[in-house]
Amino acid sequence: MDKRLRRFARLQRIGCVACLQESISSQADIHHIVDKGYRKHSGGDDSTIPLCPYHHRGLLPDGMSLADAEQMYGPSLALSKREFVTRFGSERALLLFVDHLLEQMNRLH
């Protein structure tokens with residue numbers, strides 16, 4: 001397995017980093033951080049964090065209103081970036097946290 005796919009698989013094992021802060025376990029999409037308009041200028045596949053479909057793309061869980069989702073999961077990066085950053089931290093801060101978790105996973109295996 002190449003480095004990129006290995007990272008993505010490990011990110012998916014961690015689950016959504018925002019939900020994790022809320023003590024919720026969830027599946028994760030891979031979110032690429034984009035600082036300067038292009039992934040390649042932002043670190044490419046190494047600058048990725050796991051976010052669930054709600055936090056990543058604003059997809060509401062089945063049967064939930066936006067108000068219910070915000071109450072249960074907090075703000076979505078896709079729908080309310082400023083509120084998301086206030087509650088969970090910046091994308092770069094979350095990347096540092098995720099990279100730390102990945103380092104701990106490396107030590108265990």
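Count Lys and Arg as plus one, Asp and Glu as minus one, and take only other residues whose Cβ is under 13 Å from that of His55; the net charge is then -2.
Evaluate the charge dipole of the range 14-103 about its Cα centre and quote only its size in Debye, nearest 20, assuming +1 on the Cβ of each Lys and Arg and -1 on the Cβ of each Asp and Glu.
340 debye
Residue separation of Leu102 and Ala67 scaled by 0.36 nm, minus their Cα-Cα distance, works out to 9.3 nm of gained length.
Here His56 sits with roughly 40 square angstrom of accessible surface, probe radius 1.4 Å. The value of relative contact order for the chain, using C-alpha pairs under 8 Å at least six residues apart, is 22 percent.
Roughly what percent of Cα-Cα pairs across the chain reach past 25 Å? Of all Cα-Cα distances in the chain, 19 percent exceed 25 Å.
Under 12 Å from a label point set 7 Å out along the Cα-to-Cβ vector of Ile24, the amide N atoms of the range 47-63 belong to 52-56, 58-62. The angle between the Cα long axis of helix 91-108 and the longest principal axis of the Cα atoms of the chain comes to about 50 degrees, rounded to the nearest 10. Taken along the Cα-to-beta-carbon direction at a fixed 7 Å, the label points for Leu59 and Arg87 span 1.9 nm. Which angle from 0 to 90°, rounded to the nearest 10, does the C-alpha axis of helix 3-14 make with the longest principal axis of the chain? Helix 3-14 sits at roughly 40 degrees to that axis.
The values are calculated or read from the model by the stated rules, or taken from the named source; none is laboratory data. Keep in mind that what you see is a predicted model, and the values were worked out from it rather than measured. Reconstructed Cβ throughout: ideal geometry from the backbone, glycine too, with neighbour counts over all protein chains shown. Quick note on the areas: whole protein, heavy atoms, side chains included, nothing else; ligands and nucleic acids left out. Shrake-Rupley method; radii C 1.70, N 1.55, O 1.52, S 1.80 Å.
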